[in-house]
Every structure is written in structure tokens, then in C-alpha cells.
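Quick notes on the structure that follows.
The values are calculated or read from the model by the stated rules, or taken from the named source; none is laboratory data. This structure is a prediction, so every number in the text was calculated from the model and none was measured. Backbone-built Cβ (ideal geometry, glycine too); neighbour counts: all protein chains shown. Note: accessible area is taken over every heavy atom of the protein model, side chains too, but ligands, DNA and RNA are not part of it. Shrake-Rupley method; radii C 1.70, N 1.55, O 1.52, S 1.80 Å.
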Amino acid sequence: MFDWMIVGAGFAGSVLAERIASQRNETVLLIDRRSHIGGNAFDCYNEAGILIHRYGPHIFHTNAQSIVEYLSQFTAWRPYEHRVLSQVDGKLLPIPINLDTINRLYDLDLTSEALEGFFAARRERVEEIRTAEDVVVSTVGRELYEKFFQGYTRKQWGVDPSQLSKSVTARVPTRTNRDDRYFGDSFQQMPAEGYTRMFQRMLDHPNIKIMLQTDYRDVRASIPFRRMIYTGPVDEYFDWRLGALPYRSLRFDHITLDQEQFQPVAVVNYPQTEAYTRITEYKHLTGQQSTKTSLTYEYPTDVGDPYYPVPRAENEVLYKRYEALAAEVRDVWFVGRLATYRYYNMDQVVGQALATFGRIQMQLAAGASTAVEAAE
Ligand code: FAD
Ligand code: UDP
């Protein structure tokens, strides 16, 4: 009999396993249907000895010092600032759009101040910014939207940006200076020995037992436990009884080339051409030296593992109905990107898991004192 069953060994499940095992001194059975821990952040050495991310590039960035401190118990860090180029009109240009993007795209020599005027003359007036299209056309105008965002978003999500919530493209800023970093966060570093090593240290505790290649649906009736953390898709937990929530998937094409370098930065986006959205070259992320280099091409698809909740008003309505069902289930906590249908980054999932642990501590302490009162 385990005190806890935790479904999913990604960030959400692993952080909670670690907290429960070390702070509550309770036993945890952590299961995952995949053959490894780490969820989508899993990395491994391929046959050429190069550290790759099996589920696409994962770059750690956050503004939350408390999350850095928590994870630093399990890893050292390697400074890395992410830079992305976008292939537009045959040129490789910085994305997020910045001063150099515009000057190089149009062969101009604008100053930052002139660029403000350039955008002001092109941006469209949008009464209420609701969609992923509204965000971009109201900032930089339609032409840049079509070049950098529309095609990429249609590929990535399978729908036009006008059908997606503003939160999708609001993730990408627009700059009038020359800052070409993808993220603006105060902390941008990679786990020094990779994500999987960090997860191994997090889960190395006598109270934690890990079972891989184990689907919750196959073992729920046979393995006894008292409480549960569930980090899989929320609609699946309820046997899709209200209908399926849409999740977007990706097919990853991993290749290794017999050359030292393939592209100038870790990620190059293809908003106008190609069936894939982007190519990642891992050595830029990890700093690894090798005469070979490994790349991943990402092909978005509707079939396959669920990777992204699709931020769209109608999906949020359906999710809210599942959330109401989830709130009724005693002794089960729903956490993470799939179980709470949130387009969260890794640090946000860690933050959500730590906050959930705080709630668990309070609820169980309150429950225990109620039980003592009842006994008295
Ligand atoms: P997951 O990592 O999905 O873990 C859930 C686990 O549950 C999975 O391993 C799954 O196998 C398991 N599971 C589900 N159902 C069952 C079941 N029934 N039985 C057993 N096991 C089950 N974030 C960043 O901060 N920076 C980035 O650069 C970044 N890049 C990304 C790139 C891609 C291509 C993707 C897809 C995501 C990226 N993210 C990035 C987001 C990041 O992957 C997530 O925020 C994080 O991994 C979510 O953790 P999680 O534990 O909620 O979910
Ligand atoms: N996006 C785009 N063109 C780009 C980069 C991003 O259209 O060159 C859009 C796209 O819809 C994408 C969203 O902005 O899904 C958010 O981008 P981000 O890089 O944050 O997505 P991630 O890969 O981290 O999920």
C-alpha cells in the first residue's frame, strides 16, 4: 500500500514526488507510461554521443528566484541565452522582431526611435485584443504578421491565428532595440548535466518507487494507494465523458550530420516555407564539442502524444467543465500542463507543483485536526 500514487514523471509529478517523499516522509509510487522519467523535458545521449532533447528544445528561463533555488538542489547550471533566427523572404532574421530584423528585412538604417514611428504607421487599430492575430497586427501591422506569424502559427496549431487566444502570440515580444535574446527573463540557464540527470537526483529518495512503461489505466484497479497526483490529460482521466479536449502534437525527426555545425544558432524558424516549423541544433544549447552535430525537425500534427493544450475560447469552456469534475474527486490533485490544460513553461509547472504541495500540506493538516476534534 503506497501513501501516494503519482501519475506522470514530468516536472509536475517529479516535483510533487520529491516534496511528498522528503517533506511528508510518505511513500510514493511514481508511474509513467513512457520508458523514461522527465516527461517532455527528457534528454539523452544519442548514438553519436550528443545530448539531445527527445521532445524538442527545452530552454530553462524564469523570473522566479524561488524556483531557481528549489531546482538548484538537484542541478548546477550552465549560462545560456537563447537566440532564434527566422527564415523570411530568403533571409535569416532575428525573432522576436527587433531593430535589426526590420533594418535587414527592408534594407533600412532606422534608429530605435524611427522604428517606433515605422510600427505606428503600420499597426492596425483593434477595438478589443482577443486573438493571436490581434496581438501582432495591433503591434507591427499586417505585413510583418503575415511574414513572421501567420504561416508559422497555422503550421504549429493547424488553425489560423484568428482562431487562437491572444495568449499564444503574446508570448513573443516585439522590440525596438537590438536585444536579440528570445526570452527577457532574469534567469536563463540550462541544467549543467542535462534535465534527466536533474530528475534522477530529484527522485533519488528511499520513499520513491518508480514504475515506467506503466499506464495508470492498466494499474488503477490493482495497485492500492491512499491519495493521488494526476498529471496526464484531464479528459482522459474522466474517460472523455464530456468530449475530447484538443491537444496539439508534434512528430520529431532527429538526425545527426557528419559536420561540426549546421546553423548559426540553436533554433531556426520557418514561417513561410517547409512542412516543419523549426530546426534545433543541440550543441548550441549544451556547449558540447563534437565533430558531429545533431538536429531535430518538428512537424506539427493532431495525432500522437498530447504536447500542447490549444488555447481557444471554446476549449477553455470545455476545460472548465472538466475542472469542475476534478474539484469533486476526493484525494486526487490535478497538476501540470495536461491535467490543468495550461500552455505552461517548465518554470510555471514547477511553481504550480510547489503551490499544490503547499495546499496539500494545509488541507491534510486541517483534515487531521478535524479528525482529532471528531475523536475528542
Ligand atoms: P509532461 O512533461 O507532459 O509530463 C506528463 C507525463 O505524464 C508524461 O511523461 C506522460 O507520459 C505521463 N502520463 C500521462 N498520462 C499517463 C497515464 N495515463 N499513465 C502514466 N503516465 C501518464 N518549456 C520551457 O520552459 N522552455 C522551453 O523551451 C520549452 N520547450 C518546449 C518544447 C516543446 C516541443 C514542448 C512540447 C514543450 C516545451 N516546453 C518548454 C514546455 C514543457 O515541456 C512543459 O512545461 C513541461 O514539460 C510540463 O511538465 P508536466 O509534468 O506538466 O507534463
Ligand atoms: N510564433 C510565430 N512565429 C515565430 C515564433 C512564434 O508565429 O517565429 C507564434 C506561434 O503561434 C507559437 C507562438 O507564437 O506557437 C508562441 O511561440 P513560442 O516560441 O513561445 O512557442 P513554444 O515553442 O515555446 O511553445
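Just want to confirm a number: the relative contact order over the range 1-43, from Cα pairs under 8 angstrom separated by 6+ residues, in percent.
It comes to 49 percent, rounded to a whole number.
Give me the mean projected area, in nm² to one decimal, of the convex hull enclosing the Cα positions of the range 301-355.
So the Cα hull casts an average projection of 4.6 nm².
Suppose the Debye formula is applied to equal point scatterers at every Cα of the range 74-114; what is log10 I(q)/I(0) at q = 0.32, 0.34, 0.35 Å⁻¹?
Cα-only, vacuum Debye calculation for the range 74-114: -1.10, -1.16, -1.19.
Take the Cα pairs of the range 14-150, get the Kirkwood Rh, then feed it into Stokes-Einstein at 37 °C and 0.692 mPa s and tell me D in µm²/s.
Translational diffusion coefficient: 168 µm²/s.
With point charges of +1 on the Cβ of Lys and Arg and -1 on the Cβ of Asp and Glu, referenced to the Cα centre of the range 280-376, which listed residue (V332, V349, Q288) lies farthest in the positive direction of the dipole?
Value computed over the given set: Q288.
Compare D89, D347, D43 in a GNM of the chain, Cα atoms joined below 10 Å, and give the one with the largest fluctuation.
D89
Tell me, Kirkwood radius of the range 88-153 from alpha-carbon pair distances, in Å?
Answer for the range 88-153: a Kirkwood hydrodynamic radius of 12.4 Å.
For R34, enumerate residues with amide H under 5 Å from its amide H, sequence gap 5+ or separate chain, H modeled in the peptide plane.
Amide H to amide H, under 5 Å and 5 or more residues apart or across chains, R34 pairs with Q213, T214.
Magnitude of the Cβ-charge dipole of the chain, K/R +1 and D/E -1, about the Cα centre, nearest 20 debye? Could the numbers behind the result be given before it?
Values: 42 positive and 48 negative charges, 72 e Å.
With Lys and Arg at +1 and Asp and Glu at -1, about 340 debye.
Take the solvent-accessible surface of the protein heavy atoms, probe 1.4 Å, and return the percent of it on the chain that carbon and sulfur atoms account for.
The C+S portion of the solvent-accessible surface of the chain is 47 percent.
In nm, to one decimal, how far is the S22 label point from the V317 one, both placed 7 Å along Cα→Cβ?
4.4
Give me the distance between the Cα centres of the range 230-292 and the range 176-198, rounded to whole Å.
Rounded to whole Å, the Cα centres lie 17 Å apart.
Applying a 10 Å radius around every beta-carbon, put 12-22, 327-337, 129-139 in order of their mean neighbour count, most first.
Top of the packing list down: 12-22, 129-139, 327-337.
From the phi of every residue in the range 277-287, what ³J(HN,Hα) in whole Hz does the Karplus formula 6.51 cos²θ - 1.76 cosθ + 1.60 yield, where θ is phi - 60° and glycine or proline is x?
8, 7, 10, 10, 10, 5, 4, 5, 6, 9, x
Heavy atoms of the protein only, probe of 1.4 Å, neighbouring chains included. What is the accessible area of L354 in Å², nearest 10?
50
Return the distance in nm (one decimal) between the two label points of a simple spin-label model at R217 and Q363, each offset 7 Å from Cα along Cα→Cβ.
2.5
Hey, what's the range 57-158 come to in accessible area per residue, 1.4 Å probe, Å²?
For the range 57-158, the per-residue accessible area is 47 Å².
Cα-based Rg of the chain per 2.2 N^0.38 Å, rounded to two decimals?
1.07
So, with +1 on the Cβ of K and R and -1 on the Cβ of D and E, and no other charges, what is the size of the charge dipole of the range 179-305 about its Cα centre, to the nearest 20 debye?
Values: 14 positive and 18 negative charges, 133 e Å.
Its charge dipole is roughly 640 debye.
How high is the relative contact order of the chain, given as a whole-number percent (alpha carbon pairs under 8 Å, six or more residues apart)?
Answer for the chain is 25 percent.
Sorting check: for 92-103, 117-128, which peptide has the highest mean count of neighbouring beta carbons within 10 Å, and how do the rest follow?
92-103, 117-128
Please work out how many pairs of lysine residues in the chain are eight or more positions apart (or on different chains) and have Cα atoms closer than 19 angstrom.
For the chain, qualifying lysine pairs total 6.
Report Rg(Cα)/(2.2 N^0.38 Å) for the range 1-95, keeping two decimals. Spell out each step's value before the answer.
Working: Rg = 17.7 Å, N = 95, 2.2 N^0.38 = 12.4 Å.
Cα Rg divided by the expected 2.2 N^0.38 Å: 1.43.
Figure the gain on full extension for S112 and N63 (residue separation times 0.36 nm, minus the Cα-Cα span) and round it to one decimal in nm.
Result: 15.0 nm gained on full extension.
Probe of 1.4 angstrom, ligands and nucleic acids ignored: what's the accessible area per residue over the range 272-333, in square angstrom?
48
Which three extents, in angstrom, do the Cα atoms of the range 99-243 have along their principal axes, listed largest first?
Computed over the Cα atoms, the extents are 66, 42, 23 Å.
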